[in-house]
Amino acid sequence: MNITRNNVDALNAVVTVEVSKSDYAEKVEKVLADYRKNAAIPGFRKGAVPMSLIHKQYGKAVLLDEVNKLLQDKLNSYLVEEKLDILGNPLPKVTEDFNWDVEDYKFEFELGLAPEFTVDLAAKNSLVQYKIVADDKMLDDQIARIQQYGKLIAKDTVEEGNDVSGIFANEEKGINNRTTLSLDVFKDKKTAKAFIGKKVGDVVTLKTKGLFDDDHKLMDFLAVGHDDVHGLDIEVTFTIDEVVGHELATLDQELFDKLFGPKVITSVAELKAKIKEDAEKQFAQQADQKFLNDVTEFLIANTKFDLPAQFLKRWIQSAGENPLSAEEAEAEYTKSENGLRYQLIEGKIITENSLQITFDDLKAYTSEVIKKQMAQFGQMDPSDEDVQGIVARVMSNQDEVRRLSEQVMNEKMLNLFKDKVKAKSKEVSYDDFIKAMYGEM
């Protein structure tokens, strides 16, 4: 067997594989001999079928199968030995006049070659690495929300900020549903004002059209079907049978202990510091994700190289279970081109910076993920034995290992970008960060 390569250009090559009879004949004869042992052909005893008949019935199919296996094996070995970095898979060049009746064959395969390029992480850029700080307004708002978990007080008269319970009714439509709602649920503030000053037992008449910002809420509050809510324009009555007010929780030791455990927080100043610390940990994850996304987009836009586009489009046409038309392959290529470019860029960064995931890396990362999940369910100090038992179960699942490995590599890439990409650092409030996310700053 002889394999040669012709480099058409820097991104395309054609590999020619020449197969002679001596390469496949022995394997074909062995397979046919096995066929003969088990062949059941009328008029002949099992195992006594003439070899010429076996050749006639099965020879061509066996030949095609064995030559194809030989091709795949030798071609794959050649790509490894030559250290060829290819995109997609080799595409066989189909010739209409190919003749299987000869003894020696010549096959040609098109290759799409990965481009040569450099990645400059230290290149000049306008990237920003945000540090999100929890400002006083955010801390005060969070404390106000905490205080909402105070005492509930039964009241006779509806005031702003109260919740009301009662029955929505409309006899014609068969509506008779008890529910509880806060006054800010209504789309129009005038509707909420209609409740102010009402007492238990009073009846408020409302129109359903435009009552809520989403007509689907009528399904919950009025207990009507999905098909009935769209465009529903009727009057309903709401008979108030309960009014509940909220007494703000006192910022005292009892509340601190309830929220964080005994004596963890002992003052409002410590409460604000704890809220700030927890919030900024969450914000850091969001800022890191934006930075990772921004660097990714920058590298795709500024790392210039060509791709074997025409080859890749032809490969996309035949790569799936169902062949695509040229137009469909063109659309698919356009949609996936940036993803392919970043895969190549990421691979080069990983290689040049020797980024590797060790078993210890994966185990440590998985342990931290599990501890965080356990903390969400109140297990703040799990034993190492319990954690490692869960780690072992998680890491026995190959899909989970693959997913966690991607997260570990993302973390390594992020740390590398923080170290090498010359981005501007900027402290912002969370509100300003959101504006930056949507290009409003």
Exercise for the section: Along Cα→Cβ, 7 Å out, is where each label goes; now give me the distance between the ones at Leu152 and Ser429 in nm to one decimal. Expected result: 3.4 nm
Handout entry: the chain: calculated mean residue ellipticity at 222 nm from DSSP helix runs of at least 4, using -39500 (n - 2.57)
Key = -16000 deg cm²/dmol
Problem - Cα shape, segment 318-441, gyration tensor, a/c 1.5 rule - result: oblate
Completion exercise
Taking Thr205, Thr179 and ranking on accessible area (1.4 Å, protein atoms only), highest first, one gets Thr205, Thr179
Fill in the blank from the handout: Among Leu416, Thr239, Gln373, the residue whose Cα sits farthest towards the positive end of the charge dipole of the chain, when +1 is placed on the Cβ of each Lys and Arg and -1 on the Cβ of each Asp and Glu, is Leu416
Fill in the blank from the handout: One quarter of the C-alpha convex hull surface, i.e. the mean projected area of segment 52-139 in nm², amounts to 14.5 nm²
Practice task
Leaving out ligands and nucleic acids, note down the accessible area per residue over the chain with a 1.4 angstrom probe, in whole Å².
Solution key: 63 Å²
Fill in the blank from the handout: The extension gain from Leu64 to Glu277, computed as 0.36 nm times the residue separation minus the Cα-Cα distance, is 69.9 nm
Problem - Accessible area of the chain belonging to carbon and sulfur atoms, whole % at 1.4 Å probe - result: 48 percent
Exercise for the section: Report the charge-dipole magnitude of the chain in Debye, nearest 20, computed about the Cα centre from +1 at each Lys and Arg Cβ and -1 at each Asp and Glu Cβ. Expected result: 780 debye
Fill in the blank from the handout: Reduced to Cα centres, the span from segment 249-278 to segment 1-50 in Å works out to 78 Å
Handout entry: Thr358-Asn177 pseudo-label distance in nm [points 7 Å out on the Cα-to-Cβ vector]
Key = 6.0 nm
Problem - Distance between segment 339-418 and segment 78-103 - C-alpha centres, whole angstrom - result: 39 Å
Fill in the blank from the handout: Which of Lys199, Lys272, Lys412 fluctuates most in a GNM of the chain (C-alpha springs under 10 Å)? That residue is Lys199
Problem - Largest-first ordering by accessible area, 1.4 Å probe, given options Thr296, Thr358 - result: Thr358, Thr296
Problem - Solvent accessible area, Å² - Ser367, 1.4 Å probe, full protein context - result: 10 Å²
Fill in the blank from the handout: Everything considered on the Cα gyration tensor (a ≥ b ≥ c; rounded for a/c under 1.5, else prolate if a/b is larger than b/c, else oblate), segment 205-300 must be described as oblate
Problem - Gyration tensor verdict on segment 100-189 (Cα atoms; rounded if a/c is under 1.5, prolate if a/b is larger than b/c, oblate otherwise) - result: oblate
Fill in the blank from the handout: segment 224-265, Kirkwood Rh and Cα Rg, ratio Rg/Rh at 1.43
Handout entry: Proximal lysines relative to Lys155, as straight alpha-carbon distance under 20 Å, when same-chain residues fewer than 8 apart are discounted
Key = Lys193, Lys198, Lys199
Practice task
Could you list, in their original order, any pairs among Lys46/Lys106; Lys217/Lys274; Lys83/Lys412; Lys372/Lys426; Lys137/Lys187; Lys131/Lys272 whose Cα atoms are separated by more than 30 Å?
Solution key: Lys46/Lys106; Lys217/Lys274
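The values are calculated or read from the model by the stated rules, or taken from the named source; none is laboratory data. Everything numeric in this text was worked out from a predicted model, so none of it was measured. Neighbour counts are summed over all protein chains in view; Cβ atoms, including those assigned to glycine, are modelled from backbone coordinates with ideal geometry. Accessible surface is based on the protein model in full, side chains and every heavy atom, while ligands, DNA and RNA are left aside. Shrake-Rupley method; radii C 1.70, N 1.55, O 1.52, S 1.80 Å.
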